[in-house]
1. Would you mind computing, in nm to one decimal, how far apart the modelled labels at residue 254 and residue 94 are, each placed 7 Å from Cα along Cα→Cβ?
2. By how many nm would the segment from residue 127 to residue 22 lengthen if fully extended, with 0.36 nm per residue of separation less the alpha-carbon distance?
3. Picking from 45, 73, 108, which is most flexible by a Gaussian network model of the chain using Cα springs under 10 Å?
4. When only Cα pairs under 8 Å and 6 or more residues apart are kept, what is the percent relative contact order across the stretch 4-167?
5. Can you order the peptides 172-178, 83-89 by their average number of other Cβ atoms within 10 Å per residue, highest first?
6. Considering the convex hull of the alpha carbon atoms of the chain, report its projected area averaged over all viewing directions, in nm², one decimal.
7. Calculated FRET efficiency, residue 37 and residue 265, Cβ-Cβ r, R0 51 Å, to nearest 0.05?
8. Taking 8 Å as the Cα distance limit and 6 or more residues as the minimum spacing, I'd like the relative contact order of the chain as a percentage.
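Values in this text are rule-based calculations from the coordinates and carry no lab data. Since we're looking at a predicted model, the values are computed, not measured. With ideal geometry, Cβ positions are generated from the backbone for all residues, glycine too; neighbour counts draw on all protein chains shown.
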């Protein structure tokens, strides 16, 4: 049974992030939509307008899926078929082109429709079965997915205009709770490791976490007395961004955003050990 209080908390985060994103988009020049190729986001291979098109599409699909769940329908959405990554990118560009300069009002409208639906849910409806590209999930899980999408992609958009951008404070507690699941989904075999290695993240809050990696798996836990192979001094936001693959360690260290102490080559390999996460991979 989903935790109703947590679902309501996540809905509050969704509303806050929706408003935050809308306010930021309102401040951007119209060229972001008129000449999209000029504005690369923090999401690999996606332009800012691609990110917003994705968030619009995700809001619309989530709305429709939950509306159908309330009626007892957890079947795939009409017209849905699995897409290859290449087909998905092509579809996103087509969507971006269709929205054109109406991207900002489309974003607002899609968020408003979804958020009104979420606020109006009864506690027992959080447990209803709903369709998602990764399989049948509870409505509460779809709420978590929407929180995750906004939390990460809001930063992607801001990073396009500010290379020092941080995650929204309202998103950080949620993302901290999601980190281990994200890492489980993104982990690849750590080939070439003869013995486990330990990457320590020393946060600006005085907390410290150790990511221990071996060929077949990893652990993420509060730091112990065991020496680390390399220590990264980072903000809480950058700790999350590094582990979610948004901040490349090598480039961030060169720019002084991350301070490294120890075997830096191990830290640079994080991008090899932990890959991209797609919606269909989520559990």
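1. 3.8 nm
2. Numbers: separation 105, 0.36 × 105 = 37.80 nm, distance 2.96 nm.
Difference between extended and current length: 34.8 nm.
3. Of 45, 73, 108, the Gaussian network model singles out 45 as fluctuating most.
4. About 37 percent, as a whole number.
5. Details: 172-178: 16.9, 83-89: 11.4.
By packing density, highest mean first, the sequence is 172-178, 83-89.
6. Across all orientations, the chain yields a mean hull projection of 15.6 nm².
7. Calculated value: 0.90.
8. Over the chain, the number comes to 18 percent.
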